[in-house]
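Reviewing the structure listed below.
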């Protein structure tokens, strides 16, 4: 059988520099002769990924004699849980400023002079067959606010500077997606809390809609104020410590909610934390990877984690953000010399905590798996999970982060964990989709598999040809 991969040319378009996409670009796409950079605004996108691979190997030429290279990977799209999405314009002044800003931040970080280490979240996924008139960006953002990656940006607004932008409408069946359908169910803390309502890993929470408390979870009837108690008020769609306010009195937090009834809020009772070196509050960041296709969804956990801690000594009951917020970017902003971040194994030397986290990941995401990728798309998604251990050594899931930090301004022993995790993704998630190779897990631990099956149903209410969807779960 002839091996045509020697002449294969597949296209990618990766612009932002401070996400895991940059690592993929640098360690894989730039070093593999099968991949070439293309422009997502104009590159051809096939009807299916299989068609794209065939085109990439065919040496097909356009009318000008130029080889047609199909677009398969990009991070410039606004992605829906549907067949179609939209390509972000790169030449527009507003977006050019975002990308240029990423480059500048990376340069500063590389010079060890980082005064602003907020990582830029780039959009997921890729592009399509034709250019069509599409909704303005303002319309897309308002329709899909809860799903947009700008929630994970630092100080960049999702709204254009002026005017209306026309976006390229794309068919996502011909590209590799970077966002699993239904991902907003995990990154929205409001929905996350409801899903974990009966979970042991839940953070005690109060949900507020239209200025009214609509639910309490994990509070066990204890909503009293105490001298050593702190209440967190959060926007459920934001992370990286953005929009968080700290209060000593619950009523003060609820008054803020009433002042703007158009928004949803989540109020959380602080869990008194286990301390790092009996001094600093800390949490644990781990990375998970979803690979998904029309037939199955798989969940993997990277075998190494990172401890993120505060920059000031923790005092119980304090509302000092430098004592309370473990977010690395926040602490780096407060103190450019901040380095209180370390590999989990430096503290968890026998992997006991990591094994507990692995069990928690399996239990938590069993609840989500049936609600993800319901349309049978194909691709992969990376999330960062933040866990806190309280003073009773109970484990709690704080949040799920889309396009997690790669800690590029941290020490080599921390950021190398992220590089190693991302560098193994092509063999695990990308090449199996394109070339039907066997997934190589490397340092990724296979935790869950959901297999989507079709079973014939024959009864009075269904025709013989109708199918019933069934989900099989495998726990590894």
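Among the candidates 187, 206, 180, which residue alone is crowded, with 18+ Cβ neighbours inside 10 Å and farther than 30 Å from residue 82 by Cα? Walk me through how you get there before you give the answer.
Details: 187 fails: farther than 30 Å from residue 82 by Cα; 180 fails: farther than 30 Å from residue 82 by Cα.
Exactly one residue qualifies, and that residue is 206.
Test of understanding: among 307, 288, which residue is surrounded by 21 or more Cβ atoms within 10 Å (Cβ to Cβ), closer than 23 Å to residue 246 by Cβ and assigned by TED's automatic domain parsing to the domain that holds residue 441?
Numbers: 288 fails: closer than 23 Å to residue 246 by Cβ.
One residue alone meets the criteria, 307.
Applying the selection to segment 409-453, what residues are crowded, with 17+ Cβ neighbours inside 10 Å, without any contact (Cβ under 8 Å) to a residue 60 or more places away in the chain and within 18 Å of residue 19 (Cα to Cα)?
Across segment 409-453, the qualifying residues are 415, 424.
Mind counting the residues in segment 324-335 that are modelled with pLDDT of 90 or more, surrounded by 18 or more Cβ atoms within 10 Å (Cβ to Cβ) and not in a loop (DSSP other than H, G, I, E, B)?
Total satisfying the criteria: 5.
Would you tally the residues in segment 348-365 being surrounded by fewer than 17 Cβ atoms within 10 Å (Cβ to Cβ) and in contact with a helix residue (DSSP H, G or I) (Cβ under 8 Å, 6 or more places away or on another chain)?
Adding up the residues that qualify gives 1.
Any idea how many residues of segment 241-262 are surrounded by fewer than 16 Cβ atoms within 10 Å (Cβ to Cβ), touching a strand residue (DSSP E or B) at 6+ places or on another chain (Cβ under 9 Å) and in a loop (DSSP other than H, G, I, E, B)?
Qualifying residue count, segment 241-262: 3.
Give just the number: which of (1) under 27 Å from the mean Cα position of the chain (by Cα); (2) without any contact (Cβ under 8 Å) to a residue 40 or more places away in the chain; (3) surrounded by fewer than 17 Cβ atoms within 10 Å (Cβ to Cβ) does residue 294 not satisfy?
Every condition holds for residue 294 apart from (2).
Can you confirm whether segment 219-237 contains a residue that is on the phi > 0 side of the Ramachandran plot, loosely packed, with under 14 Cβ neighbours inside 10 Å and modelled with pLDDT under 95?
yes
The values are calculated or read from the model by the stated rules, or taken from the named source; none is laboratory data. Worth saying up front: this structure is predicted, and the values here are computed from it rather than measured. Neighbour counts are summed over all protein chains in view; Cβ atoms, including those assigned to glycine, are modelled from backbone coordinates with ideal geometry.
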